[in-house]
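Structure first, then comments.
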Amino acid sequence: MVEDIGALTVGEETLLKMWRVTLSSFKRVLQRHSHTRFEITVVERGAGSYTTPAGVLPMRAGDVFVFAGNEPHCITAVSGPRASTYTACLELR
């Protein structure tokens, strides 16, 4: 489930967008994606794995992940009943 938290817009340009994602337990095939904007993700609860070009990284509550624009990444596993993250994408000037 994706819940939009809000955005900071100047004129017609969105500089910051934030959302909360809640995930049930799963494992999935790597589906790397990237964004043109800088991304910061904070793991609120739960545990799992983030896959990046550097390898498979464990994730758990309290972890912070920072991705540069166009850096591939994907949550490939969530263990336990549920995990949630807060994510912000921002345009650096």
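The values are calculated or read from the model by the stated rules, or taken from the named source; none is laboratory data. Not measured: the values here are computed from a predicted model. Virtual Cβ from ideal backbone geometry, glycine too; neighbours counted across all protein chains shown. Surface accessibility is based on the protein's heavy atoms, side chains included, excluding ligands, DNA and RNA. Shrake-Rupley method; radii C 1.70, N 1.55, O 1.52, S 1.80 Å.
Here is how the numbers come out for the structure above:
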item: Listed residues P81, G11, N70: farthest to the positive end of the dipole of the chain (Cβ charges); result: P81
item: Per DSSP, loop GluC sites (Glu not before Pro) in region 8-69 with at most 13 further Cβ within 10 Å; result: E12
item: Alpha-carbon centroid distance for the pair region 1-34 / region 64-90, whole angstrom; result: 9 Å
item: Region 1-91 - percent relative contact order, Cα under 8 Å, separation 6 or more; result: 39 percent
item: With every protein chain in place, the chain: carbon and sulfur % of accessible area (1.4 Å); result: 56 percent
item: Cα gyration tensor category, rounded, prolate or oblate, for region 34-93 with a/c compared to 1.5; result: oblate
item: Calculated FRET value between A61 and E91, using beta carbons and R₀ = 25 Å, to 0.05; result: 0.35
item: Candidates per trypsin sites (Lys or Arg not before Pro) in region 1-79, loop by DSSP, up to 16 other Cβ within 10 Å; result: R28, R32
item: Cα convex hull of region 1-82 - mean projected area over all directions, nm²; result: 5.6 nm²
item: Length gained when the stretch M18-R32 is fully extended (0.36 nm per residue, less Cα-Cα span); result: 3.0 nm
item: Pair V2, V42: separation of 7 Å Cα→Cβ label points (nm); result: 2.1 nm
item: Residue-normalised accessible area of region 16-83, expressed per residue, 1.4 Å probe, Å²; result: 55 Å²
